[in-house]
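One structure is given here, and the rest of the page talks about it.
The values are calculated or read from the model by the stated rules, or taken from the named source; none is laboratory data. This structure is a prediction, so every number in the text was calculated from the model and none was measured. Cβ atoms come from the backbone with ideal geometry, glycine included; neighbour counts cover every protein chain shown. Keep in mind that these areas ignore ligands, DNA and RNA; they rest on the heavy atoms of the full protein, side chains included. Shrake-Rupley method; radii C 1.70, N 1.55, O 1.52, S 1.80 Å.
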2 protein chains.
Amino acid sequence: MKTRDERTIYLEDKPREEALLDCLSFIRKRPKPYERLKTAEAIGRVTAKPVYAGVSNPHYHASAMDGIAVEAGKTKNAHESRPMTLKEGTDFVYVDTGHAIPSPFDAVIMIEHVNERAQDTLDIIEPAVPWQHIRPIGEDITYGEMILPQGHQIRPVDAGALLGAQVLEVDVIKKPEVAIYPSGNELIQPDQRAEPGKLIEFNGTIFAGLVASWGGVPELHEIVKDDRAMIRQALMAGTEKADLVLLNAGSSAGSRDYTKDVIEELGEVWTHGIATRPGKPVIIGCVNHTIVIGVPGYPVSAHFVMEWFVEPILYEWQGIQVPEKPEMPVIAGRRMTSNMGSEDFVRVHIGKVNGQYIANPLSRSASVTMSLVKADGIVTIPPGHLGVEQGDEITARLLKPKSQLDQTILFSGSHDLSIDVLSSVMKQHDGQSSVTPSHTGSLAGIMAIRRGDAHVAGIHLLDPASGTYNDPDIRKWLKGMTIVKLPFLKRKQGLIVPSGNPEQVKGIRDIREKNLHYVNRQKGAGTRVLFDHLLKQEDIKQDEIEGYQREMFTHLSVAAEVMVDPKACGMGIYSAAQAVGADFVPVDDESYDVIMTEDFFNSDRGQKLFHALRSEAFKEQVEALGGYTVDSDVEPVTIQI
Amino acid sequence: MKTRDERTIYLEDKPREEALLDCLSFIRKRPKPYERLKTAEAIGRVTAKPVYAGVSNPHYHASAMDGIAVEAGKTKNAHESRPMTLKEGTDFVYVDTGHAIPSPFDAVIMIEHVNERAQDTLDIIEPAVPWQHIRPIGEDITYGEMILPQGHQIRPVDAGALLGAQVLEVDVIKKPEVAIYPSGNELIQPDQRAEPGKLIEFNGTIFAGLVASWGGVPELHEIVKDDRAMIRQALMAGTEKADLVLLNAGSSAGSRDYTKDVIEELGEVWTHGIATRPGKPVIIGCVNHTIVIGVPGYPVSAHFVMEWFVEPILYEWQGIQVPEKPEMPVIAGRRMTSNMGSEDFVRVHIGKVNGQYIANPLSRSASVTMSLVKADGIVTIPPGHLGVEQGDEITARLLKPKSQLDQTILFSGSHDLSIDVLSSVMKQHDGQSSVTPSHTGSLAGIMAIRRGDAHVAGIHLLDPASGTYNDPDIRKWLKGMTIVKLPFLKRKQGLIVPSGNPEQVKGIRDIREKNLHYVNRQKGAGTRVLFDHLLKQEDIKQDEIEGYQREMFTHLSVAAEVMVDPKACGMGIYSAAQAVGADFVPVDDESYDVIMTEDFFNSDRGQKLFHALRSEAFKEQVEALGGYTVDSDVEPVTIQI
């Protein structure tokens, strides 16, 4: 039992700010290498020195208009009542915009303001003010002026100003090179065949993308085996060439943890473990005068470690600030627990309901990449807090623009593949609308509408007494509300069985009789209500079903689960079976309805959703999934309860 | 006289939103071409279709820990008081993180929680919960699940999720191609010799940089002559290949304006002139089913037109939202006038003084690129307003992060090259501190300190009565305040004369005696005070000096001005003469002091400035300019008035 040891390690965990400071102090002491680039190619780069103008812009007195150049002092007597006649060559010359003003002229009169009399004479009716319509030398940039200070990230307009002053090349900080080594015996490349026990390596691609977006040059290397000598070799080669070395995985407490030992052997370890969740098992040290980071293997931990350490290191290297990350106060829609003593980073969905921004946690697991892909924001629970309660105001860092959150429709209820299609169709339409689903099951969806936590719910609840769908539950739970129901979808429910139906399943009774391994859905899911109803009809008890306790939260997880066990069987929709290549034994055609309050239906977002549901694109894409019938001409049904 | 015509054109100016809508509606009707890319290369690109998972991740039940796999049901009786002994192979197998869980095992016990007894037996003291420490199939991504909707800009983490589901390629919207044609007979490339009458073309580089940063592919072409046939040819070739064509210049009302005629001949003109300042003379039309924009020639107008039209067009093309532009309320530090009937876009400096963000306008001229380079923000004065008064609260779009504005020191007073060096040294130090100078002259600098409009002032004011610098004026104007003076700099003032000193100037008297063309500084400038003092000493009247009325605002503009006229002469500092290669006739060594309130001196920013002034880097860089002596050991002088 290592409980005591673990506690010791836990107490040694550094605050991440402290671990970062070690790195930043180290970099600040290093000279920043720079290189000379052609000005146009230096856009996005950071000046290594102040840049001074090589010439003035304009470098001569330039006409700012099409017109005539005159000596202002000689036009004093011109007046509308007594026009002054000027002769070309002596009294004026014609100039176009950009032309040099020849001596002794010192003003320009716009061509629209002269009356041409003969080939070489004209009249003016107003005196010219000295230097009018002339861009004097250096109006924009003066020779010798500092155009850009040191440490300035060059924007397109800056490059333009430099070229305007004939600065053709500029010294900029070299981009930091980052060597990335994925490591682990279980890893394979994404294009290799995925056998059981082999995990697809994709963190390296994420790291490379992030490094590039932060101004670094990533070098993604081949997968390194969990072998001390190989890791040693990688670290030596990496630190020889790169400015920062990332070694992915190898930082867990597992049997193949060599990273720490090798860093210790070749250099020194600064940090082993930080007080955060996820991201805790990071290792930071220095080898060969180069920072080495042992990044944890789980993708969410890894992503946070990249943001906490690699992003500020790369910006410090370039001498510029990390871009500000927008934040916003939100209300916790659900309780989020946390460990005392460690900072906790929770990925959340954020939606605007009744004028408030509600944040609901996604999966907390560090291995669920999709919790980052789908997140609208990140909520930080500081160390020393046991979490936040429902209704607490907290701060969320936003991963999407706020305007997009305003357009997001919060969906609760039964999982259905058509909801993702709906979201995609809406997003395609205006670039920012979308549906954020929460797979809570039909009954929880109804409750979310009652509480106002969700805008719309998708439900398919069979009323065993009447044999009808949805309306009995809507009337039972949403008393006093006016609900709009969009009965747009029929879908096939049935038994999902492995490809080829090896157990020759024909119906519900076979589950008990053939001792199949059933894969169930969670309580409150419409599919589970249907299954229980069918069991009752067949007079089968729940504990006669092996696997009844094993709950999955989506149709697709049931289908995927079924595919790996020849004796498995689960209930779900046809499209889920089709998606994984499973067989399907139809049991029922059910009504999947979308419900919302009448107020929401009449809102901008409600109408957008309604029109997306009726669109041809939606019908086409959903019916292509299989097992669905979409009625595009559906009329909304208003139910006053 | 074309006054009437102009008024007609003016009335025809469209609101820019309307002109943009024409473009966006046109693009929305076009199909969006797409291409298939390798997933890692698709980062930053926008999905053309929803992307579904090709496999589940994990695609097998995977151990989440290093430990042993067991059948949970068989461990029910394990307890600390009566450990349960398990035998390898039958009761358990060893698994490492990521290993597949072999049938019939359904739980993992961490290796830290088992006591190994013999080579193939061990004890456990706690029952396992079914599925503990196992990542079930599809925990992260389920086969067939929609990973990304259509119209999603792929981030590194998204690419990771796709690869994790073995999606190796993805269909993304093609980047819009933008053909850029600079045009004008007066234009030369930046590397060509700049003769009078030739302007350096640099808008093309700005356009190309902006297009790339907005997700487009720029194609910058050679300069097109102001010739109808050449412009016609460019537009035909451009619209054949590109998705958007930009023709720079040719959109003024000048004699070489062919853009509008050619667009009309080949297609149709949608917009000719918009109700904005700058940016008004834009031309938008359609040729060969491709949008063509005639972008005004002045760099500031051009930049705004790029942001108003090209940015939203390119984002619409890709089907994503234009990124939000941060805004902030600020207080107008000075009056900003505006034309009734047109939107006015004013580049401003923003600084935090006494807890308020004060915005002061930079040059309003559309030809001053540096007004964009130096701007901290843009203030929009809506049409129908005659401007804003000093003290009005207005909204500024920020061009720099707010945290950087908090670190900005507002400088007022006499222009000196050392102030830019100071700013650069500060920025280099922490990446965000800087000094924003306002070249108002010494006396105006003192007044800004009195009003609290600036943090520090740089002054060199000779008191003719006592022959001393600065202190008399500080005591006169800053009664009741406690001022800290940093007397860090001595600089040489003198007469700046053309290279080789063709008029053999030896002193002030020569200006009158040799009828030189004097280039003066503005009222309140310390240099002008010195010059007036010297004139008085020599008993010369101001109207005996030719050019006394011609005012420049910086030493460098005086020097640049002197260089183009063999009879010119101006007063200024040695470094300005040196910067432009002019000759210098020394007149006086003057004290250039930096002053501020005691409170500001003791603030974080004040101390940063003080330390930068004392730094070796500052001394080195300033003395390298020539004519300066920096005393790094200077002690601050506190003056209670």
Handout entry: Unique match (being part of a loop (DSSP other than H, G, I, E, B) and either within 14 Å of chain B (Cβ to nearest Cβ) or buried (at least 23 other Cβ atoms within 10 Å of the Cβ) (or both)) among A:429, A:415, A:385
Key = A:415
Fill in the blank from the handout: Those strands (runs of 3 or more DSSP E) completely within the range B:191-276 that have 3 or more residues that are more than 10 Å from every other protein chain (Cβ to nearest Cβ) and hydrophobic (A, V, I, L, M, F, W, C) are B:244-248
Fill in the blank from the handout: From the option list B:108, B:114, single residue qualifying as surrounded by fewer than 24 Cβ atoms within 10 Å (Cβ to Cβ), outside the structural domain of residue B:249 (by TED's automatic domain parsing) and more than 30 Å from residue A:60 (Cα to Cα) is B:114
Exercise for the section: List the number of the failed condition for residue A:340; all other conditions in (1) surrounded by fewer than 19 Cβ atoms within 10 Å (Cβ to Cβ); (2) under 19 Å from the mean Cα position of the chain (by Cα) hold. Expected result: (2)
Practice task
Taking the residues in the range B:1-51 that are surrounded by fewer than 21 Cβ atoms within 10 Å (Cβ to Cβ) and in a strand (DSSP E or B) as candidates, determine which candidate is modelled with the lowest pLDDT.
Solution key: B:14
Problem - When residues of the range A:488-511 are limited to those that are in contact with a Lys or Arg (Cβ under 9 Å, 6 or more places away or on another chain) and not in a strand (DSSP E or B), the one surrounded by the fewest Cβ atoms within 10 Å (Cβ to Cβ) - result: A:504
Handout entry: Of residues in the range A:73-105 being open to solvent by 40 Å² or more (accessible area, probe 1.4 Å) and small (Gly, Ala, Ser), the one farthest from the other protein chains (Cβ to nearest Cβ)
Key = A:89
Practice task
Please go through the range B:126-147 and pick out each residue that is out of contact with any Lys or Arg (no Cβ under 8 Å at 6 or more places or on another chain) and open to solvent by 40 Å² or more (accessible area, probe 1.4 Å).
Solution key: B:126, B:129, B:132, B:133, B:139, B:143
Exercise for the section: Would you mention how many residues in the range B:52-85 are hydroxyl-bearing (Ser, Thr, Tyr) and over 30 Å from residue A:421 (Cα atoms)? Expected result: 4
Practice task
Consider residue B:368 carefully, then state whether it is surrounded by 15 or more Cβ atoms within 10 Å (Cβ to Cβ), on the phi < 0 side of the Ramachandran plot and touching a residue at least 24 places away in the same chain (Cβ under 8 Å).
Solution key: yes
Exercise for the section: Could you please let me know if residue A:351 is touching a residue at least 60 places away in the same chain (Cβ under 8 Å) and away from chain B (no Cβ under 14 Å)? Expected result: yes
Completion exercise
Residues of the range A:524-558 being within 14 Å of chain B (Cβ to nearest Cβ) and either in contact with a helix residue (DSSP H, G or I) (Cβ under 6 Å, 6 or more places away or on another chain) or over 27 Å from residue B:59 (Cα atoms) (or both), in sequence order, are A:543, A:548, A:552, A:555, A:556
Fill in the blank from the handout: Being over 25 Å from residue A:148 (Cα atoms) and part of a loop (DSSP other than H, G, I, E, B) narrows B:465, B:444 down to just B:465
Exercise for the section: Kindly indicate whether any position in the range B:220-227 is modelled with pLDDT of 90 or more, surrounded by fewer than 22 Cβ atoms within 10 Å (Cβ to Cβ) and within 26 Å of the chain's Cα centre (by Cα). Expected result: yes
Practice task
Could you check, for the range A:516-535, whether at least one of its residues is assigned by TED's automatic domain parsing to the domain that holds residue A:469 and over 45 Å from the mean Cα position of the chain (by Cα)?
Solution key: no
Practice task
Take residue B:208 and decide whether it is within 24 Å of the chain's Cα centre (by Cα) and either of a type outside the set (D, E, K, R) or surrounded by 24 or more Cβ atoms within 10 Å (Cβ to Cβ) (or both).
Solution key: yes
Exercise for the section: Would you mind telling me which numbered condition in (1) more than 30 Å from residue B:144 (Cβ to Cβ); (2) at pLDDT 90 or above; (3) assigned to a loop (DSSP other than H, G, I, E, B); (4) small (Gly, Ala, Ser) residue A:396 fails? Expected result: (3)
Fill in the blank from the handout: Checked the range B:120-174 for anything of a type outside the set (Lys, Arg), closer than 21 Å to residue A:401 by Cβ and in a loop (DSSP other than H, G, I, E, B); matches are B:149, B:150, B:151, B:152, B:154
Problem - Test for residue B:70: is it crowded, with 18+ Cβ neighbours inside 10 Å and under 57 Å from the mean Cα position of the chain (by Cα) - result: no
Completion exercise
Residue count, the range B:293-317, condition closer than 18 Å to residue A:428 by Cβ, within 9 Å of another protein chain (Cβ to nearest Cβ) and crowded, with 24+ Cβ neighbours inside 10 Å, comes to 0
Completion exercise
Okay, helices (runs of 4 or more DSSP H) sitting entirely in the range A:562-641 with 3 or more residues that are free of Cβ contacts under 8 Å to residues at least 24 places away in the same chain, open to solvent by 20 Å² or more (accessible area, probe 1.4 Å) and not assigned by TED's automatic domain parsing to the domain that holds residue A:471, I get none
Problem - Members of the range B:149-167 found to be more than 7 Å from every other protein chain (Cβ to nearest Cβ), more than 33 Å from the chain's Cα centre (by Cα) and of a type outside the set (Gly, Ala, Ser), listed by number - result: B:162, B:167
